1. Compute the Cα gyration tensor for the range 283-395, then decide on rounded, prolate or oblate, letting a ≥ b ≥ c be the square roots of its eigenvalues: rounded whenever a/c is under 1.5, prolate when a/b is larger than b/c in the other cases, and oblate in all that remain.
2. If we count every other residue with Cβ under 15 angstrom of Thr348's Cβ, Lys/Arg +1 and Asp/Glu -1, where does the sum land?
3. Quick query: amide H of Leu388 versus all other amide H atoms, modeled in the peptide plane; which residues come in under 5 Å with a sequence gap of 5 or more or a different chain?
4. Taking H as built 1.01 Å from N, whose amide H comes closer than 5 Å to the amide H of Leu376, not counting residues under 5 places away?
5. Per residue of the range 216-222, what does 6.51 cos²θ - 1.76 cosθ + 1.60 with θ = phi - 60° give for ³J(HN,Hα)? Whole Hz please, x for Gly and Pro, Karplus curve as stated.
6. In a shell of Cβ-Cβ distance under 13 Å around Arg233, excluding Arg233 itself, what net charge do Lys and Arg (+1) and Asp and Glu (-1) give?
7. Each residue of the range 411-416 in turn: what ³J(HN,Hα) in whole Hz from Karplus with 6.51, -1.76, 1.60 and θ = phi - 60°, glycine and Pro shown as x?
8. Starting from the amide H of Gln119, placed 1.01 Å from N in the peptide plane, find each other amide H under 5 Å away whose residue is 5 or more places distant or on another chain.
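The values are calculated or read from the model by the stated rules, or taken from the named source; none is laboratory data. The shown structure was predicted, so the numbers you read here are calculated from the model rather than taken from an experiment. Counting neighbours? That spans all protein chains shown, and the Cβs are built from the backbone with ideal geometry, glycine included. Ligands, DNA and RNA are excluded from the accessible area calculation, which covers all protein heavy atoms including side chains. Shrake-Rupley method; radii C 1.70, N 1.55, O 1.52, S 1.80 Å.
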Amino acid sequence: MSGEAVLFVYLGSVGAIFLLNAVQWSFFRDWVYGLFTLQTLIWFAHSAFNRLSGEDIPLSESQNMAVYAAEYGLVRIFYVGLIYRLFTIPHLPLTQWLRRGQLGMGIFLLVEVGMMLLQEHWHVSPSGRILSTVYWCLLMSTSVIGSWVAAQRRDAVGILFLIGSVLLLVNETNHLFYYTGYPWTLSREPATVQWHIRILGGSRILQLLCFSLCLMFRQRQLAVAEAVEQTRREQQLVQQRLQTQLAFQRLEQEKTQVQLRALQAQVNPHFLFNSLNSLSSLIDDNPEQASQFVDRLSQVYRYLLKANEQPLTTLARELDFIQSYYHLLKTRYERGLTVSVQVDPAFTSWQLPPMTLQLLVENAVKHNVILAAQPLQIAIQTDHPGHLVIRNNLQRKRTRVLSNGVGLSTILAQYQKLGHAVPEVIESTDAFTVRIPLIQPVAEPV
């Protein structure tokens, strides 16, 4: 293949790599892509300039050497920037030395290019050869450092950057021998020049491909790391949200328990005081009924003391409790209060929060007139959807009753805490109804 054909293949390959990385740079706005895109642009621009200078822009040998020195110097400054931006360097002082090396290469570049442009044959003078040799050795040392840093990272990014750095070192060695002629004077015959161009073009294309693949693998690793970090952050947010919800549920549970204990404490003294008054009158008039009253009273308080032990109890236990509770109320109000129970036996094993019936019966007794001529009638029933319906006739007291509304709110809060449908409260002109959803027990595994 002729030198002209090699140049066109080289220009096409480098141009394609340049366009690819320019697009990547526009998408990711990453300094690493920016540095490599500028480095590739310099290679492409210099090769295009060589093509034009051979036809339309005649340059002297010294000017041509100045262009090559500027090209390699700028590329190498960008290459050093790639090293400390692309890798986590094991030794922190090395990063500082690389930055100082960039500054030193910039100074060397200005001096060498300036001398080549000012003095026609400066590059073949002894001082020019020595300075050029030192400058090219400085450039090659950065390739050695880049290869060592890349070798510390044993993944696709490190391996590809290592191969690219070695190819870059080969190019620099080739240029050192060819353009400085130091320490050997190489042939400038056309055949040798064509051989040099082929080596230079092929190794440079491979070098740019390795660096491009290195950046692609790095971007993929960054995308994976970002996705993992995003997943981790989302998991943390979900965990924090769950912890917040759990803390809120705990607070709600504690609030409900406090309210329930407050209701129990409220029931205990008032109810006990009224019950003892009723018992006192029964002891002299009807000792047998007084004995039954004491048994019922003990059953009521035994149930009240155990109400907080379990979040749910069966409807059968609640009905047994309410019968004892009603017996005490009946002793006090006699014909002024009636409680009728019509419950389907199929629902007696279903569950509900403890003290639910006591709270609703007490609520009805507290807010309504209870007289023998105007009795309070409380009906406890079940319906087919599985609800416990507590209904009483509405005959509100004329005097205002002090109430904090904790009874109903506690029942609602208990159902919300359990995650079930909340009770339904229905009030009409002549009746007050509460529909309590019964909770079907979970079948135990066989």
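1. Values: a/c = 2.00, a/b = 1.23, b/c = 1.63.
Oblate is the answer for the range 283-395, as a/c is 1.5 or above yet b/c matches or exceeds a/b.
2. Taking every Cβ under 15 Å from that of Thr348, the sum is -3.
3. HN-HN under 5 Å from Leu388: Ile436, Leu438.
4. Amide H neighbours of Leu376: Leu337, Thr338, Leu371.
5. 5, 5, 5, 5, 5, 4, 5
6. Details: positive: Arg232, Arg241; negative: Glu226, Glu229, Glu234.
Combined, the nearby Lys, Arg, Asp and Glu give -1.
7. Running phi through 6.51 cos²θ - 1.76 cosθ + 1.60 with θ = phi - 60° gives 4, 4, 5, 5, 5, 4 Hz.
8. none
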